[in-house]
1. Give me a count of the residues in region 197-214 that are in a strand (DSSP E or B), exposed (fewer than 15 other Cβ atoms within 10 Å of the Cβ) and of a type in the set (A, V, I, L, M, F, W, C).
2. Of everything in region 285-309 that's closer than 15 Å to GLN245 by Cα and among the β-branched types (Val, Ile, Thr), which residue is surrounded by the most Cβ atoms within 10 Å (Cβ to Cβ)?
3. Going through region 142-181 one residue at a time, which ones are of a type in the set (Val, Ile, Thr) and part of a loop (DSSP other than H, G, I, E, B)?
4. Buried (at least 16 other Cβ atoms within 10 Å of the Cβ), among the basic types (Lys, Arg) and more than 24 Å from the chain's Cα centre (by Cα): is that true of LYS58 in this structure?
5. State which residue pairs qualify: first residue in contact (Cβ under 8 Å) with a residue 40 or more places away in the chain and surrounded by 13 or more Cβ atoms within 10 Å (Cβ to Cβ) and inside region 144-165, second residue in a loop (DSSP other than H, G, I, E, B) and not basic (Lys, Arg) in any location, beta carbons under 8 Å apart, and separation of 6 or more residues or different chains.
6. Please verify whether ILE217 is within 37 Å of the chain's Cα centre (by Cα), closer than 30 Å to SER279 by Cα and assigned to a loop (DSSP other than H, G, I, E, B), treating the condition exactly as stated.
7. Output yes when any residue across region 171-178 is acidic (Asp, Glu) and at pLDDT below 95, and no when none is.
8. Scanning for something exposed (fewer than 11 other Cβ atoms within 10 Å of the Cβ), basic (Lys, Arg) and closer than 12 Å to LEU48 by Cα, does region 319-330 turn up at least one residue?
Amino acid sequence: MKIKGLVIYKATALLCMSALLLSGCSSDEEETHSIAIVRESMENEYDLTRCETRDVIKTESISCTYSQLMEENLAFPVGEKTVAFVYVNEGDEVKPGDLVAKLDVASLEQDNVNMRAQLERNALLISQADEMIEYYEKKIETPGISLSTKESYLTKLQKLREKRRTYTDENDFNTIKISANEQQIAAGSLYAGIEGNISYIKKNLEGSSSNAGETVITILNASVCGFQAMDRNAVEYIQVGDRVQVVTNQTGDVYDSTVTSVDKDSLKIIFELDQPDFSIKMGTRGTVTVVRGEAKGVLSLPKTCVFEAEDFWFVYVLTDEGVREMRKVTIGLMGNDYVEIKGGISESDSVILRKS
């Protein structure tokens with residue numbers, strides 16, 4: 001609906017002179033004048049609208065990229081150890097359980113060998129001490145034994161018990177140390193956890209010093225692909241199991257997908273295709289549109305004519321007298337294009353959409 005202001009017409013005179021060029025024309029021939037009329041429109045124009053019943057929808061868009069989904073990054077959990085062996089090269093195929101790299105843990109392994117041998121020796125010494133302790137305990141109970149002899153046996157018992165305690169303490173310490181060494185030895189070996197190909201090996205890895213937690217080898221399974229997104233906001237409302245559609249940006253192809261992973265720490269979201277399509281190129285970009293809110297069959301106005309003040313919302317209406325008037329309104333869902341109107345104006349009110 002439009003309301004137009006006054007239209008003013010302006011006349012502009014245009015003077016033209018014509019001369020007769022034919023030979024024999026008289027010099028007193030009259031000059032001819034012509035007038036061209038030009039119309040210039042000067043008008044104030046308003047676009048008006050009214051509340052309409054419709055569905056108000058609010059959506060969010062998430063950008064994503066097609067890439068391999070199944071990969072494994074391998075890192076040594078201990079630092080300052082020399083990488084002794086790397087058993088794979090980039091491109092090699094591996095299976096779960098394959099040993100791919102190992103730290104130099106020879107000294108730890110040798111320490112464990114020595115300590116286990118000491119455990120066995122101490123165990124023998126403890127057994128011998130137990131036999132001697134039992135022997136002297138019986139001797140002390142022998143009837144008629146002299147006091148001096150009994151004191152001698154008690155002295156020997158004390159020494160035997162002290163030796164036994166020393167052997168036991170040493171074995172307890174070595175057992176703890178062996179366990180700690182075994183943990184470091186196990187941590188010094190990297191094994192493949194998935195089936196795939198070696199896609200990355202740290203440069204000059206063999207012979208270098210390990211940094212705890214640093215990725216040194218990556219295994220990639222190229223047969224498992226899908227769309228990945230990194231979105232700080234989306235990880236708060238997207239959930240595993242959500243069904244979505246991915247629309248590719250370049251071709252507009254649509255792929256039904258399911259959310260299979262939401263990692264709030266890395267902000268990564270994975271959308272796996274319900275039906276794999278191996279024709280999609282790696283790096284293809286797409287968009288997932290998620291409905292965040294929907295109000296069906298409600299009174300609404302376009303967002304462009306609803307304004308926000310400090311603590312209320314308002315629109316401008318055009319009165320019957322042609323006066324622009326501000327009117328407070330109560331809104332509901334703020335959709336993508338329309339706003340739900342819950343009160344403040346009626347369907348008969350003419351709302352100013354734009355003034356040009």
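1. 0
2. Among those residues, the one meeting the criterion is VAL288.
3. Once the filter is applied, which keeps residues that are of a type in the set (Val, Ile, Thr) and part of a loop (DSSP other than H, G, I, E, B), region 142-181 yields THR142, ILE145.
4. Taking the combined requirement at face value, the residue does not satisfy it.
5. Cβ pairs passing all conditions: none.
6. Criteria not met by ILE217.
7. no
8. The answer is no, given that none of the residues of region 319-330 is exposed (fewer than 11 other Cβ atoms within 10 Å of the Cβ), basic (Lys, Arg) and closer than 12 Å to LEU48 by Cα.
The values are calculated or read from the model by the stated rules, or taken from the named source; none is laboratory data. What you see is a predicted model, and the numbers here were worked out from it, not measured in a lab. FYI the Cβ positions are ideal-geometry reconstructions off the backbone, even for glycines, and counts take in every protein chain you see.
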